[in-house]
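The values are calculated or read from the model by the stated rules, or taken from the named source; none is laboratory data. Predicted, not measured: the structure shown is a model, and the values here were computed from it. Backbone-built Cβ (ideal geometry, glycine too); neighbour counts: all protein chains shown. The area values use the complete protein model at the heavy-atom level, side chains included, leaving out ligands, DNA and RNA. Shrake-Rupley method; radii C 1.70, N 1.55, O 1.52, S 1.80 Å.
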Amino acid sequence: MKKCPQCGREYDVSMAFCLDDGAELLYGPSTNSGVVDEPATAIIHTTDAVADAPTRAQIHTTQHTEVLPSNASDVRNRGFDKRLLAAPFLLAVIAAAGFFGFRYLGSTSRQINSIAVLPFENRSGNADSEYLSDGLAESLIYRLSQLPGLKVSPTNAVRRYKGSQSDIGKIASELDVDAVMSGRLTQRDDNLTISVELTDARTNKLIWAEQYARKMSDLLATQREIATAVTQKLQLQLSSSEVGLTKHYTNDNEAYQLYLKGRFFWNKRTPEALKLAIEQFKAASEKDPNFALAYVGMADSYLVALYNIRGKDKEVIPIAKAYAAKALDLDPSLAEAHATQGLASTYLWEWAEAEKHFQRSIELNANYPTARHWYSRLLRAQGQYDEAFEQIKQAQKADGLSPAIINNVADGYYEQGDFQGAIAETIRGVEIAPMWVQFRLLAYCYVSLGKNEDALANARKAVELMDGAATLRTLGYVQAKLGNRSEALRIEKELEYRFAKGDADGRDIAVVYAGLDDKDKVFERLEKSFHNRSSTLVEMRMEESFKPLRSDPRFKDLLKRMGLRD
């Protein structure tokens with residue numbers, strides 16, 4: 001056995017450094033003299049890249065695990081700006097070695113069919129490196145999710161565990177996975193150390209562990225070589241769904257780092273963070289004009305920003321669509337780009353085009369939850385509620401902890417008249433990450449159940465989280481349904497003022513009039529939205545307040561003129 005001189009943790013003799021503090025291990029007696037009942041495991045040695053030394057994956061096994069031959073490839077470190085971190089290379093090493101360690105162990109081990117990759121812990125003491133620790137895990141999730149037969153918990157599902165002290169068993173149980181991968185990142189000057197552990201949650205046994213010591217240098221080519229070599233060792237026959245493990249996205253280290261920063265901000269979904277995300281994605285595309293994912297990131301940021309703004313449809317949506325088209329020109333097989341193009345086409349009332357892109361995205365990557373999520377909204381716009389609910393439930397299977405997906409599942413329950421089911425689902429989403437749309441839906445549910453005080457409290461909570469036209473219209477509707485006519489009309493006047501400034505939409509005002517049961521003014525406002533070709537009109541069939549209006553001939557005529565089936 002070997003022992004860490006600092007923390008005292010004991011390791012197999014094959015390990016060289018402590019996974020907790022990075023100290024070099026010393027030989028010493030084990031405190032456990034009994035027989036250890038361990039499953040067959042593969043321990044992959046520390047891989048140090050020093051000067052002209054070859055990069056090797058040195059594999060030793062215990063018990064009945066087969067020893068595979070290594071395939072060395074020479075790597076020469078070339079110095080460059082230390083800010084251009086070696087994340088892509090490290091990711092490939094972790095993905096390839098980790099996948100080998102748990103997916104193709106000896107026959108004496110139970111096969112692992114599902115995994116969660118937790119956000120990496122940043123031990124650099126530098127908040128500026130936070131995007132890298134998050135990005136490593138997110139990119140690893142993205143690549144492993146391309147492999148068929150392996151369930152990988154999506155980023156939204158694992159993000160809640162960032163900095164969590166929950167034990168592996170509890171996390172695995174909540175995510176319903178067989179194994180959990182965790183990692184730590186430390187940067188010291190020009191040196192970067194990554195420690196990774198993979199644990200079988202069913203037995204609480206360490207399956208595989210590794211520490212990587214690297215210089216911050218240009219290692220993108222080596223990343224591909226190692227990913228390809230390990231894939232060949234595993235005897236995988238690459239198909240269109242497996243190519244993501246070794247796919248080339250960019251040749252520029254700095255562009256990749258900027259992309260990771262962009263996704264870091266995009267995941268926050270606030271207006272300020274989305275602006276920062278666009279800046280990072282734009283910089284990444286300028287560094288590498290052939291980096292398709294950077295254009296997808298820009299398009300996604302513009303489209304998600306529409307939820308928080310009004311009156312910018314004609315300016316924003318064509319920009320997003322152009323970026324998605326650019327990504328598809330560079331890589332027609334990119335599922336993310338097709339999904340983004342599908343959403344942009346939906347907002348532009350290009351129904352057939354949207355349908356085509358969503359179906360193609362799902363065909364390319366059936367496990368990409370965002371494609372099914374956005375496709376479900378297109379189906380709801382077309383009045384295909386059962387098909388929409390099936391798609392959003394499929395999205396939830398792939399990403400069970402996404403607040404946005406949970407909210408759309410709750411919308412489905414509301415549509416079915418199951419208000420208690422909608423409330424329960426929405427509250428589950430609130431517990432993960434509170435968003436204004438959740439409290440909007442709760443307000444509608446409580447109105448339907450006659451719980452007026454609860455309805456009003458939740459409508460006000462939505463406004464508290466985001467003071468915008470979308471939340472004000474909900475509050476105005478609730479006030480109207482509760483008989484507070486003067487308060488509802490006050491909110492209507494505020495929305496009229498915002499409409500004149502371009503910060504509200506005709507649909508927003510129509511919702512308040514729906515609460516006041518003034519149908520003529522509802523359709524008067526919806527007509528204004530129609531003539532403006534407002535993207536919010538896409539959600540006519542999703543708007544809870546309009547359900548009583550669906551049988552009105554004017555509603556049906558409006559849908560027909562939009563190109564939607566009755």
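Observations on the model:
- Filter result for Leu465 (in contact with a Phe, Trp or Tyr (Cβ under 7 Å, 6 or more places away or on another chain), hydrophobic (A, V, I, L, M, F, W, C) and modelled with pLDDT under 95): yes
- Against the conditions (1) in contact with a Leu (Cβ under 9 Å, 6 or more places away or on another chain); (2) in a helix (DSSP H, G or I); (3) open to solvent by less than 30 Å² (accessible area, probe 1.4 Å), Ala504 satisfies every one except (2).
- Some residue of segment 554-562 being in a loop (DSSP other than H, G, I, E, B) and open to solvent by 20 Å² or more (accessible area, probe 1.4 Å): no
- The requirement of being touching a residue at least 40 places away in the same chain (Cβ under 8 Å), under 28 Å from Met562 (Cβ atoms), in a helix (DSSP H, G or I) and open to solvent by less than 30 Å² (accessible area, probe 1.4 Å) is satisfied by Ala470.
- Looking across segment 240-269, the residues that are buried (at least 17 other Cβ atoms within 10 Å of the Cβ), modelled with pLDDT under 75 and of a type outside the set (Gly, Ala, Ser) come down to Leu245, Thr246.
- Among residues that are at pLDDT 95 or above and open to solvent by 30 Å² or more (accessible area, probe 1.4 Å), Asp411 is not included.
- Residue in segment 474-492 that is open to solvent by 10 Å² or more (accessible area, probe 1.4 Å), touching a residue at least 40 places away in the same chain (Cβ under 8 Å) and among the hydroxyl-bearing types (Ser, Thr, Tyr) present: yes
- Given (1) under 27 Å from Gly476 (Cβ atoms); (2) touching a Leu at 6+ places or on another chain (Cβ under 6 Å); (3) surrounded by fewer than 17 Cβ atoms within 10 Å (Cβ to Cβ), index of the condition Gln416 fails: (2)
- Against the criterion of being at pLDDT 95 or above, among the charged types (D, E, K, R) and closer than 21 Å to Phe265 by Cβ, Lys312 does not qualify.
- Close pairs (7 angstrom Cβ cut-off, 6 or more residues apart or separate chains): among the charged types (D, E, K, R) in segment 271-299, in a helix (DSSP H, G or I) and modelled with pLDDT of 95 or more anywhere: Lys282/Met298
- The set of residues in segment 323-376 that are surrounded by 24 or more Cβ atoms within 10 Å (Cβ to Cβ) and basic (Lys, Arg) contains only Arg372.
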